[in-house]
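Structure record follows, encoded as structure tokens.
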Amino acid sequence: MNRSKLLLLIEVAIFAGIGLVLDMLSINLWFQGGSISLVMVPIVLMSIRWGLVGGLSTGLIIGILQILAGRAYILYPAQGFLDYFIAFTVVGLAALVRHKVLQARNEQRKGKMITYIVLGAVFGGLFRLITHVIAGVIFFSEAAEGKNVWIYSLVYNGGYMIPSIILTAIVCSIIFVAAPRLIEHRNNV
Amino acid sequence: MMEKMIFGRYIPGDSFVHKLDPRSKLVFVFLFIAIVFLANNAVTYAVILAFTLVTILLSRIRLYFLINGLKPILFLLIFTFLLHIFFTKEGDLLWKWQFIEVYEEGLRQGIFISIRFLVLVFVTSILTLTTSPISITDGMEVLLNPFKRFKLPVHELALMMSISLRFIPTLMDETDKILKAQMARGSDISTGSIKERIKAVVPLLIPLFVSAFKRAEDLAVAMEVRGYRGGEGRTRYRQLKWDWRDSLVIVTLGILALLLWWLRS
């Protein structure tokens, strides 16, 4: 196994751990019982630092860790699969802005860098929101057949996801611009 | 603020359920989530409820821990119960107060779905309460082995899971240390306006991330000098043992499924 791949595996593992710790921390910091958390920050970081593989695998590990930690609620097979195996993983799609962010970094253009970081965080976050909304529809559709299940799910999931996405976008752009070495891994080690 | 933060809900013990192999518990929970949906009348729901109660007794987990696990989704449970009660308008009218009408079928469906959610939350909780996260990871790795054929990097995933689990307590300590250090300097992320809190998060995250990259590099070097080459031919420190109890659990689950199939309407 080459050095770069080993380092990728280990960084993904440790940053998934950070994601979970930040997720647990949120309960004490923000609204009581809400899930407005910084969990997506490490996923966006790994997406930009390592690309798609890094981002997707960090998300997947965070999702599985939620189950191991007993923080997962699986009430329907499809809902459990979407909420824990897919939802966090798709945040890694933020990697699509990777090259633009690194390019802006090399050109020393902070404005452009912030724009793309925000774009990436919002993009990844929206995919997570969509996944949770679909999982929610599966959950609600049995209880309220033919009723406004999409609305229920959107209100419930959007209620914490939209603030989370905004928070992630703000925090990521502040941190990555202030400490750009975080998003560049050294290929030569 | 970290004192309350504990990773996982595992409570060590030596009950029947504690002694089971993680593989049999994982297969059990996985199949149970599907089997529960066979229940569709009072008898089948009673059977499932009784089965779950026996499982709880066998795990010797105090009810307090199970009830505690319900808290985060209590709102959802009550909400879906009410949805059923108010929106299902079949059967006899049981109760009416102004525009609120409760029908027999609605009450029945509401109770059934609540039992199902309760049972599912209890059974998945028993898994995480009686099995340490690292054993669950070991079990998952073995169970997912067949998917290696479809290029699923099972070994790498399991390795990442165990590294994460190993580092989570360390990362919690680290987060706590940085939080306290920043608090000592007058920065506080749990008070102030949203803007102030976000500003206070930055001096927490940057040192946390920088030290995490340092740890990752140290571990990579340590693994490399010890000759880590990946999954091929690796032996294990933690061995899994499947014994008669595990087979018994799977057989019992099969019987439950047949019983529900036979009793359902």
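Things to note:
- Among residues that are surrounded by 12 or more Cβ atoms within 10 Å (Cβ to Cβ), among the aliphatic types (A, V, I, L, M) and within 24 Å of A:Ala69 (Cα to Cα), B:Ala216 is included.
- Verdict on B:Leu143 being surrounded by 15 or more Cβ atoms within 10 Å (Cβ to Cβ) and facing another protein chain (nearest Cβ under 10 Å): no
- When we screen B:Phe87, B:Phe7 for residues that are within 30 Å of B:Met172 (Cβ to Cβ) and at the interface with another protein chain (Cβ under 10 Å from one of its Cβ atoms), the only hit is B:Phe7.
Residues checked against (1) assigned to a loop (DSSP other than H, G, I, E, B); (2) touching a residue at least 24 places away in the same chain (Cβ under 8 Å); (3) surrounded by fewer than 23 Cβ atoms within 10 Å (Cβ to Cβ); (4) not hydrophobic (A, V, I, L, M, F, W, C):
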{"residue": "A:Thr58", "(1), (2), (3), (4)": "no, yes, no, yes"}
{"residue": "A:Ile61", "(1), (2), (3), (4)": "no, yes, no, no"}
{"residue": "A:Ile67", "(1), (2), (3), (4)": "no, no, yes, no"}
{"residue": "A:Val91", "(1), (2), (3), (4)": "no, yes, no, no"}
{"residue": "A:Arg98", "(1), (2), (3), (4)": "no, yes, yes, yes"}
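- Applying the criterion of being in a helix (DSSP H, G or I) and either of a type in the set (Gly, Ala, Ser) or at pLDDT 95 or above (or both) to the residues of the stretch B:220-243, the residue that is surrounded by the fewest Cβ atoms within 10 Å (Cβ to Cβ) is B:Ala222.
- Considering (1) within 10 Å of another protein chain (Cβ to nearest Cβ); (2) surrounded by 19 or more Cβ atoms within 10 Å (Cβ to Cβ), the lone condition that A:Met161 does not fulfil carries the number (1).
- The single condition among (1) over 27 Å from the mean Cα position of the chain (by Cα); (2) at pLDDT 90 or above; (3) within 7 Å of another protein chain (Cβ to nearest Cβ) that B:Pro207 does not meet is (3).
- Residues satisfying the stated conditions in the stretch A:55-97, i.e. more than 11 Å from chain B (Cβ to nearest Cβ), closer than 25 Å to A:Arg3 by Cβ and in contact with a Leu (Cβ under 8 Å, 6 or more places away or on another chain): A:Gly55, A:Leu56, A:Gly92, A:Ala95
- Of the criteria (1) at positive phi; (2) under 30 Å from the mean Cα position of the chain (by Cα), which one B:Gly227 fails: (2)
- Checked against the criterion of being more than 11 Å from chain A (Cβ to nearest Cβ), under 24 Å from B:Gly139 (Cβ atoms) and of a type outside the set (Lys, Arg), the stretch B:220-234 contains one or more residues that satisfy it.
- Those residues of the stretch B:30-66 which are under 20 Å from B:Tyr10 (Cα atoms) and not in a helix (DSSP H, G or I), in sequence order: B:Arg60, B:Ile61, B:Arg62
- Among residues of the stretch B:115-131 that are at the interface with chain A (Cβ under 10 Å from one of its Cβ atoms) and without any contact (Cβ under 8 Å) to a residue 60 or more places away in the chain, those with a beta-carbon under 9 Å from a residue that is part of a helix (DSSP H, G or I) and among the small types (Gly, Ala, Ser) at least six positions away or on a different chain give the pairs B:Val121/B:Gly69.
The values are calculated or read from the model by the stated rules, or taken from the named source; none is laboratory data. Everything quoted here is computed from the prediction, not taken from an experiment. Positions of Cβ are generated from backbone atoms using ideal geometry, with glycine treated the same way; all protein chains shown enter the neighbour counts.
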